[in-house]
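Just below is one structure, and these are the notes that go with it.
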Amino acid sequence: MPRQTSARRDGRGKRLAALLALALPLLAGADAKAGTRADSLQVLHWWQSASERRAVDLLAERLGQQHVEWRDTMVPGGSGIGAGIVLRSRVLAKDAPEVAQLNGIVVRDWARLGLLADLDKVAARGDWDRQLLPGVAAVIRPGQHVVAAPLGIHRINILFHNRALFARHGLAAPLTWPEFERAAEVLQRAGVTPLAQSSEPWQVATLFEALVLAEGGAGYFRQLFQQREPAAFTDPRLGRALARLRALKKWMGSPVRELTWAEEARKLAEGSAAMLVMGDWAKGELNALGLNSERDFGCGAVPGTAAFHLYTIDTLSMLAAHPAQRAAQETLAAMVMQPALQRDYSRVKGSVPVLREPDLGAMDACGRASWKLFATSAAIHAPSMAHRMATDETARDAMVAELHRFFLNERVSVADTQHRLGVIGRRPQDR
């Protein structure tokens, strides 16, 4: 088993290397082809699925109405690893795009390096301090300056279910883990895969962090992934979350294949799988497939997490290396905060607006529940480790790899993985 796991990792590494080998020369030439017009912006991102492409098309269309061209540079990969590598390579080659999708801690780290243009004037003109929810404002102003334009808030601890399958088998959406197990047994006996799940590393980590939230709540979650307190890594709650991650495998079908999250959403839509734990970007994808949340699928909280909001925030940052495109960058940043754009983007993407006073009537029940909970209190916030909201990239990548190893290899123990996560999570002052 360890050799197979190593080979699988080597294969993924080779595929990523091949992707970058193809992407880098193409991306490096993008500016040369398009020129350096002051009324155009090259935007590097990883939005690839049908709903994500609709969101990109919406942004490009609205930016075009402001007489600025959106030059699209999409790097495949659902978690943004490939996009991050390409962006770093291009910055080192002094060929940075004008705009990049950066999320969470990455925004802070790039700002500290002086690589991001400040958006203070745009924020002041748009009264962002008054318009933005405080939790969002803190992300885009990691220091003295505003360095990102926020697009939307995604809730991650969501358990989607296929309404038709549940109705056919007389099941209610599970609110507790015993209810989940009973529903899964009924569905599995009927020949339906109870839980859609990919073995892709970031998707495993996304499921796992929802289980940590279920075991320990938001306070413990922040101690573990944001503050990285040594005692949090030896806590029994971490061990229980690992044990549940492994126990859930029996409901995922065998083998658990490495599929994209959009492919997992399609399995739910088609009825070959009954449930899916995923961020509400899956709602946007299900909508793009023609499904309706009120009629075709439900989106409740992962059992044990209804009171908490595990989140990531979509943001766009402006690279500081392009003073000639400064006006166009500011145009894009200002546009992002327009209430109509916030409403329409969130409707397509599955997220909720970053505003204090959004149009709640334009949201479905899932969206209203997400926005109201996020706006309630910072105490219920759980910034995602898997999606770079809580943990620096080095520790995050190592944790994701360790969780992936545990998920694939049944011979790796809970205790060993808990210890390894503790070593990875050590802060410099604890070493």
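Our helix-only sum for the chain, with -39,500 (n - 2.57) per DSSP H run of n ≥ 4 divided by its residues, gives a mean residue ellipticity at 222 nm of -15500 deg cm²/dmol. As a rough guide to protection, the peptides 349-357, 188-196, 270-278 ranked by mean Cβ packing within 10 Å, highest first, stand as 349-357, 270-278, 188-196. Computed from point charges on the beta carbon alone (+1 for Lys and Arg, -1 for Asp and Glu), the dipole magnitude for region 287-344 about its Cα centre is near 100 Debye. Return one number: the angle in degrees, 0 to 90 and rounded to the nearest 10, between the long axis of the Cα atoms of helix 414-424 and the longest principal axis of the Cα atoms of the chain. Compared with the principal axis, the helix lies near 20 degrees. Here the translational diffusion coefficient of region 112-243 follows from Stokes-Einstein with Rh set to the Kirkwood radius across Cα pairs; for 10 °C and 1.306 mPa s it amounts to 86 µm²/s. Applied to region 46-57, the Karplus parametrisation 6.51 cos²θ - 1.76 cosθ + 1.60 on θ = phi - 60° returns per-residue 3J(HN,Hα) values of 10, 7, 10, 5, 4, 5, 5, 5, 4, 5, 4, 4 Hz, with x for Gly and Pro. Overall shape of region 152-229 was characterised from the C-alpha gyration tensor. The equivalent ellipsoid obtained from it has semi-axes of 28, 14, 12 Å, in decreasing order. Rg ratio for the chain: its Cα radius of gyration over 2.2 N^0.38 Å, N being its residue count, equals 0.96. Give me the distance between the Cα centres of region 372-431 and region 83-150, rounded to whole Å. When both Cα centres are located, 24 Å separates them. 3J(HN,Hα) along region 194-202, derived from phi through the Karplus expression 6.51 cos²θ - 1.76 cosθ + 1.60 where θ = phi - 60°, amounts to x, 10, 6, 7, 9, 8, 4, x, 5 Hz, with x in place of Gly and Pro. Each peptide in 169-179, 121-131, 334-344 gets a packing score, the mean of other Cβ atoms within 10 Å over its residues, and the list from highest to lowest is 334-344, 121-131, 169-179.
Pairwise Cα separations in region 192-232 fall into 5 Å bins from 0 onward with the following percentages, short to long: 6, 20, 23, 20, 15, 9, 4, 2, 0. Spacing of the modelled spin labels on A38 and D296, each 7 Å from Cα toward Cβ, amounts to 4.7 nm.
When the listed pairs K94/K283; K250/K283; K94/K121; K250/K372 are checked against a 31 Å cut-off, the alpha-carbon distance exceeds it for K94/K283; K250/K372.
Here the simple spin-label model places points 7 Å from the Cα toward Cβ, and for E69 and D109 these points are separated by 3.3 nm.
Amide H contacts for G152 (H built 1.01 Å from N in the peptide plane; partners 5 or more residues away or on another chain; cut-off under 5 Å): D314. Backbone geometry of region 396-413 corresponds, through the Karplus equation with coefficients 6.51, -1.76 and 1.60 at θ = phi - 60°, to 3J(HN,Hα) couplings of 4, 5, 5, 5, 4, 5, 5, 5, 5, 4, 4, 5, 7, 10, 5, 7, 7, 7 Hz, x marking Gly and Pro. Since only L286, Y311, F180 are under comparison, the one whose Cα sits farthest along the positive direction of the charge dipole of the chain, derived from C-beta charges on Lys, Arg, Asp and Glu, is F180.
Basic side chains Lys and Arg get +1 at the Cβ, acidic Asp and Glu get -1 at the Cβ, and with that the dipole of the chain about its Cα centre reaches some 880 debye. For region 284-431, the fraction of alpha-carbon pairs lying more than 21 Å apart is 63 percent, rounded to a whole number.
Quick note: the coordinates plus some simple rules give every number you see, no bench work behind them. This one's a predicted model, so the numbers in the text were calculated from it and none came from an experiment. Cβ coordinates were reconstructed from backbone atoms using ideal geometry, including for glycine residues, and neighbour counts include every protein chain displayed.
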